[in-house]
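Structure first, then comments.
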Amino acid sequence: MEIKTIMVLGAGQMGSGIAQVCAQAGYSVILRDISDAFIERGMKVIDKNLQRNVEKGRMTAEEKDAVIGRIKTTLTLDDGAAADMVIEAIIEDAKLKNETFAALDRICPAHTILASNTSSLPITQIAAATGRPNKVIGMHFMNPVPVMKLVEVIRGIATDDETYRVVEDLAKKLDKVPVEVNDFPGFVSNRILLPMINEAVYCLMEGVGTVEGIDTVMRLGMNHPMGPLALADLIGLDTCLAIMEVLYEGFRDSKYRPCPLLRKYVTAGWLGRKSGRGFYTYS
Ligand code: CAA
């Protein structure tokens, strides 16, 4: 099956990045969100990223215009009727994802593959909301999408080989490296990354180190490109907490208990870069 048109749901930091790399790879993209303001913000980020490429001589201004021209924006899910593939990157809310996939199943043609960029929710459960669980799959991009090479490709229990093959091929065309993983809470990436971040927050709560101290230990001691608390701010503290909840619920193992300080920050609305304040403050 040949993919020509990709619908991306959600124009936030993940969705806008996914739309950008799909359009850069030559696909027609339909970027959908629920308000003009969200769409505008997402398109602004894409424009800024592409402009940087022009300034660095990696792309001409004409190429940039062509990429932007391949992205059509919409507020309606019904435009999924024209999509060969949908990549969902909406908020991490299981009920909303299930409803969205059930609606997509009604709207999209029978051949359309429905992928979720969920960071930890079970693909098998999302697939069960549709009448085509064999064509539902996880396609987990990393933040920032235009920079990070990895895509975790997650098979639900019913995902068929043809769907896997098409998605693996798509990831390669987007200049990413796909890695196949099975459907367990947090997959591989977040099962390993998030407990590390959570532990860093415990270190902070218990006074083992300061924010800067903890991050410096991990940057200079382990050669991580950024410290765990700075990375948490990049990911979004609400997303970090949601992933820890999925691990805790999914395994029922106390080692995944979300740190109370992480919960407190989220309750305060300190969500990281996107809200201007997390473990660091942003102007
Ligand atoms: N969007 C697009 N491009 C970006 C970007 C963004 N948000 N942030 C940085 N870049 C680009 C910069 O423009 C720069 O590109 P050029 O070299 O072409 O100029 C390049 O990335 C390097 O950026 P910087 O020099 O500013 O800074 P850096 O070298 O520290 O790199 C980083 C920034 C790529 C974010 C790096 O710090 C890094 O790799 N951090 C770790 C990121 C990570 O772990 N991501 C995974 C998060 S987990 C996840 O996403 C899964 C989940 O479900 C939670």
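The values are calculated or read from the model by the stated rules, or taken from the named source; none is laboratory data. On a predicted model such as this, the values are computed, not experimentally measured, just so you know. Using ideal geometry, Cβ is built from the backbone for each residue, glycine included, and neighbour counts are taken over all protein chains shown. SASA here: full protein model, heavy atoms, side chains in, ligands and nucleic acids out. Shrake-Rupley method; radii C 1.70, N 1.55, O 1.52, S 1.80 Å.
Looking at the stretch 250-260, is at least one residue surrounded by fewer than 18 Cβ atoms within 10 Å (Cβ to Cβ), in contact (Cβ under 8 Å) with a residue 12 or more places away in the chain and more than 21 Å from T118 (Cα to Cα)?
yes
Can you find, within the stretch 63-85, the residue that is least open to solvent (accessible area, probe 1.4 Å) among those that are assigned to a helix (DSSP H, G or I) and over 15 Å from D47 (Cβ atoms)? Full working, then the answer.
Kept after step one, since they are assigned to a helix (DSSP H, G or I), are these residues of the stretch 63-85: 63-69, 77-82.
Pick out the ones that are also over 15 Å from D47 (Cβ atoms) and you get 77-82.
Working: L77: 26, D78: 95, D79: 40, G80: 0, A81: 58, A82: 64 Å².
Among them, the one singled out is G80.
What residue, of V145, V151, V188, is within 14 Å of the ligand (Cβ to nearest atom), hydrophobic (A, V, I, L, M, F, W, C) and surrounded by fewer than 18 Cβ atoms within 10 Å (Cβ to Cβ)? Working first, answer last.
On the way: V145 fails: surrounded by fewer than 18 Cβ atoms within 10 Å (Cβ to Cβ); V151 fails: surrounded by fewer than 18 Cβ atoms within 10 Å (Cβ to Cβ).
Of the residues listed, the single one that is within 14 Å of the ligand (Cβ to nearest atom), hydrophobic (A, V, I, L, M, F, W, C) and surrounded by fewer than 18 Cβ atoms within 10 Å (Cβ to Cβ) is V188.
Inside the stretch 89-100, can you point out the residues that are at pLDDT below 95 and assigned to a helix (DSSP H, G or I)? Show your work before the answer.
So the first thing to find is which residues in the stretch 89-100 are at pLDDT below 95, and the list is 91-94.
Within the stretch 89-100, just A94 meets the criteria.
Here is a yes/no grid of residues against (1) in contact with a helix residue (DSSP H, G or I) (Cβ under 7 Å, 6 or more places away or on another chain); (2) part of a loop (DSSP other than H, G, I, E, B); (3) not β-branched (V, I, T):
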{"residue": "M1", "(1), (2), (3)": "yes, yes, yes"}
{"residue": "I6", "(1), (2), (3)": "yes, no, no"}
{"residue": "G15", "(1), (2), (3)": "yes, no, yes"}
{"residue": "G42", "(1), (2), (3)": "yes, no, yes"}
{"residue": "V54", "(1), (2), (3)": "yes, no, no"}
{"residue": "R58", "(1), (2), (3)": "no, yes, yes"}
{"residue": "I87", "(1), (2), (3)": "yes, no, no"}
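Quick one: which of Q13, Q20 is at pLDDT below 95 and within 13 Å of the ligand (Cβ to nearest atom)?
Numbers: Q20 fails: at pLDDT below 95.
Selected residue: Q13, the only one of Q13, Q20 that is at pLDDT below 95 and within 13 Å of the ligand (Cβ to nearest atom).
Residue-wise test of (1) in contact (Cβ under 8 Å) with a residue 12 or more places away in the chain; (2) of a type in the set (D, E); (3) under 16 Å from N117 (Cβ atoms); (4) within 16 Å of the ligand (Cβ to nearest atom).
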| site | (1), (2), (3), (4) |
| --- | --- |
| S35 | yes, no, no, no |
| M43 | yes, no, no, yes |
| A61 | no, no, no, no |
| I68 | yes, no, no, yes |
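Out of curiosity, is A268 free of Cβ contacts under 8 Å to residues at least 40 places away in the same chain and either among the hydrophobic types (A, V, I, L, M, F, W, C) or open to solvent by less than 30 Å² (accessible area, probe 1.4 Å) (or both)? So that I can check it myself, show each step before the final result.
Numbers: free of Cβ contacts under 8 Å to residues at least 40 places away in the same chain: yes; either among the hydrophobic types (A, V, I, L, M, F, W, C) or open to solvent by less than 30 Å² (accessible area, probe 1.4 Å) (or both): yes.
When the stated conditions are applied, A268 passes them.
M1 fails exactly one of the following numbered conditions: (1) open to solvent by 50 Å² or more (accessible area, probe 1.4 Å); (2) under 28 Å from N134 (Cβ atoms); (3) touching a Leu at 6+ places or on another chain (Cβ under 7 Å). What is the number of that condition?
(3)
Of all residues being assigned to a strand (DSSP E or B) and within 12 Å of the ligand (Cβ to nearest atom) in the stretch 104-138, which is surrounded by the most Cβ atoms within 10 Å (Cβ to Cβ)? Just the residue, please. Steps first, please.
Within the stretch 104-138, the first condition is being assigned to a strand (DSSP E or B), and the residues that meet it are 113-116, 136-138.
Among the residues that remain, those that are also within 12 Å of the ligand (Cβ to nearest atom) are: 116, 138.
Working: S116: 26, G138: 29.
Checking each candidate, the answer is G138.
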